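Reading through the structure tokens given below for one structure.
The values are calculated or read from the model by the stated rules, or taken from the named source; none is laboratory data. In this text the structure is predicted, and so the values were computed from the model without any measurement. Cβ placement follows ideal geometry from the backbone for every residue including glycine, while neighbour counts extend to all protein chains displayed.
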Amino acid sequence: MNTPNKLTLLRIILVPFMVAAFYIPWEYSYILAAAIFIIAALTDLFDGRLARKNSQVTVFGKFMDPIADKILVVAAMVMLNSTGQLSPIPTIIVVSREFLVSGVRLVMADKGPVVAANFWGKAKTMTQSIAIPLIILKNPIFGLIGIPMDQILMWISTVLAVISGYTYLKAGWKYLI
């Protein structure tokens, strides 16, 4: 197994540790949970770059990388919903988008071309990767001055999720009907 695939697996393995850290009754558990999320999110940044740079793109990586991303983000959003730190609306929209995009990818893997990640999907991932740790950390920087940047970024990422989901649906529509 190559390094990019190991990083993808590491992202999945880190999820239960993030969830456990989040719920541990310890004063600094949220800092540990946020740190684990950040480390896991960074594996997403590096696995694809390494795979392309070293010509190590694999079927396993193409399949598991987006699944690992979804597991990480959805787990974090559900955690935040459970404590009331995040409205369920972004979670419902993002999870719906992920099902839609996964379905389109599945159909297109059989019938059509691979739809590569685009600007909208990358922007969605980036804003989620910033918003989620800020929410976990209870927005310590901007919350002090009354600007809920964590929530603003989460809503921006939700809008980006809709836009990127639409682009996947548009690209795959002719293969779906």
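Points to keep in mind about this one:
- Pairs, first outside any helix (DSSP H, G or I) in segment 9-27, second at pLDDT 95 or above, C-beta under 9 Å, six or more apart: ILE24/LEU32; ILE24/ALA33; TRP26/LEU32
- Single condition PHE37 does not satisfy, out of (1) within 12 Å of the chain's Cα centre (by Cα); (2) free of Cβ contacts under 8 Å to residues at least 24 places away in the same chain: (2)
- Any hit, segment 98-113, residues being closer than 23 Å to ILE12 by Cα, without any contact (Cβ under 8 Å) to a residue 40 or more places away in the chain and aromatic (Phe, Trp, Tyr): yes
- Single condition GLY103 does not satisfy, out of (1) modelled with pLDDT under 90; (2) within 21 Å of LYS138 (Cβ to Cβ): (2)
- Filter pass, ILE132 being surrounded by 13 or more Cβ atoms within 10 Å (Cβ to Cβ), within 30 Å of PRO25 (Cβ to Cβ), under 11 Å from the mean Cα position of the chain (by Cα) and in contact (Cβ under 8 Å) with a residue 60 or more places away in the chain: yes
- If you go through segment 38-91 and pick out every residue that is assigned to a helix (DSSP H, G or I) and of a type in the set (S, T, N, Q), you end up with 4.
- PRO90 vs. criteria touching a residue at least 60 places away in the same chain (Cβ under 8 Å), closer than 30 Å to TYR175 by Cβ and of a type outside the set (D, E, K, R): yes
- Segment 96-129 - residue that is of a type in the set (A, V, I, L, M) and over 23 Å from LEU42 (Cβ atoms) and, of those, surrounded by the fewest Cβ atoms within 10 Å (Cβ to Cβ): VAL114
- Within this structure, THR158 passes the test of being more than 19 Å from ASP65 (Cα to Cα) and either of a type in the set (Ser, Thr, Tyr) or crowded, with 19+ Cβ neighbours inside 10 Å (or both).
- Subset of segment 16-36 [closer than 15 Å to SER82 by Cβ and among the hydrophobic types (A, V, I, L, M, F, W, C)]: MET18, VAL19, ALA20, ALA21, PHE22, ILE24, ALA33
- Answer residue from segment 3-52, given it is polar (S, T, N, Q) and surrounded by 16 or more Cβ atoms within 10 Å (Cβ to Cβ) and is modelled with the lowest pLDDT among those: ASN5
- SER82 being modelled with pLDDT of 95 or more, exposed (fewer than 14 other Cβ atoms within 10 Å of the Cβ), more than 19 Å from GLY165 (Cα to Cα) and not acidic (Asp, Glu): yes
- Evaluation of VAL114 against (1) at pLDDT below 90; (2) part of a helix (DSSP H, G or I) (one fails), failing number: (2)
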